[in-house]
1. Looking only at T332, T243, T292, which one moves most when the chain is put into a Gaussian network model with springs between Cα atoms under 10 Å?
2. What does the charge add up to near P268, with Lys and Arg as +1, Asp and Glu as -1, over the other residues with Cβ less than 13 Å from its Cβ?
3. When Lys and Arg each count +1 and Asp and Glu each count -1, what net charge do the other residues less than 12 Å away from R46, Cβ to Cβ, add up to?
4. Over what distance in Å are the Cα centres of the stretch 341-376 and the stretch 5-26 separated?
5. Pick from R157, R379, R266: which is most flexible by mean-square fluctuation in a GNM of the chain where alpha carbon atoms under 10 Å apart are linked?
6. Please report the net charge: other residues with Cβ closer than 15 Å to the Cβ of G29, K and R +1, D and E -1.
7. I want to verify a result. In a Gaussian network model of the chain, Cα cutoff 10 Å, which of these has the top mean-square fluctuation: P337, P85, P11?
8. Sorted by mean Cβ packing within 10 Å, highest first, what order do the peptides 187-197, 279-289 take?
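Rule-based calculations on the coordinates, nothing more; no lab input. Because the structure is a prediction, the values reported are computed rather than measured. Backbone-built Cβ (ideal geometry, glycine too); neighbour counts: all protein chains shown.
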Amino acid sequence: MVNVAPRPTPPSVRDGGAALLAWLRAMRGAAHVCQDPRTGIWQVFRYQDVRQVMADTATFSSEVTRVVPDSRTSARGNVMLTDPPEHGRLRALVSLAFTPEAVAGLSSRIAVIAWDLLDDLRGRTDIDFVREFAYPLPLRVIAALLGLPASDTGMLRRWSEKQIAASPDRPDRPMDLAALRSVQAVRREFDAYLLNQVAERRAYPRQDLLTDLAHAELEGTRLTDREIVAFAGLLFLAGHLTTTVLLGNAMLCFAEYPHVLRALRRQPALLDGTIDEVLRYRSPFTQVGRLTTRDVLIGGVRVPRGQMVLAWILSANRDGRVIPRPDVFDPTRVPNPHIAFGHGVHSCLGAALARLTARIALPMALERFPVFRISSLARPTFYELGIFGPRSLRLDVRQT
């Protein structure tokens, strides 16, 4: 028997996410694994079921581009859209270059970029925290990590924003063919740019991640130019968005829970726990997609082979069956088993960089803005679909 949800389409997040979180809560209870009769897509909402989908790569394939028109070529070499054993080869080669040491070595660069951005805001009492700080910071950090010229930052930002803007403005409205082709055109421009950068690194090595990727070797194999471009593009777009949304969501959480901010100012040691709780409470990416390779039981519900499955990370991280008081923001939560960065072999490669950037940037912003509140003149605007966080966040601030 097919489990069909009473209302399988998620609501808009234009209210900041309250309606979506209420819908997810209802779905966890009434239709924890269900099929949308309009699209045929299955949706999974409970923590243990979402972990099952993420962990079992043999049953739940990440190569979802097989059912997305005209997307297989652009996904070739993308480590997040590749199954084992090829996934293991790609990830091992990428990890030779994108090391913990390489990430840790960015600390001073992150601090310099953050101070530059904060200095640009000096003297102002009305700022857009996302557009003027949280968005450009990780974009510039990742560009510097890859070794992309600082003079290209404006062009890189335009490419990034065009890809994001092409998403549907409502979760029940699929991307039309024109929008899909628009995204593909932007990606072709970006890929051509990155291919040129990779060719330069092969001919003239530098001290940057693109060079390290171009020369990484494991058991006699290396990454192809296309594979390097796929990883660099993934790191640039998904990596910087993760950090942007994390920073914006942190400020929303502080506004919602001012006592948490007061405690953090008194006890800086709470910072790591606060970052983890932001990731759980307002997970940057709401869901991941998988394709079933066989008939399978998820939460007692039979899902046939060849079905598209959306596993809701945001819902899993609010599941009271696993996480006590899930709708309370608690930076002292131990343990905090959130899966905001994924689970299993596809866990986010950029997680350490996002954490590091937040660990450096948040205290700097809070020091510069000892008092702030969400502006009463301009309501926050929010991303739709798979991104859960503010696209624009106007703040009234008092500066040091």
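1. Taking springs between Cα atoms under 10 Å, the residue moving most is T332.
2. That works out to +2.
3. Around R46, the surrounding residues sum to +3.
4. What the calculation gives is 25 Å, centre to centre.
5. R266
6. Neighbourhood net charge equals +3.
7. Fluctuation is largest for P85.
8. The densest-packed peptide leads the list: 279-289, 187-197.
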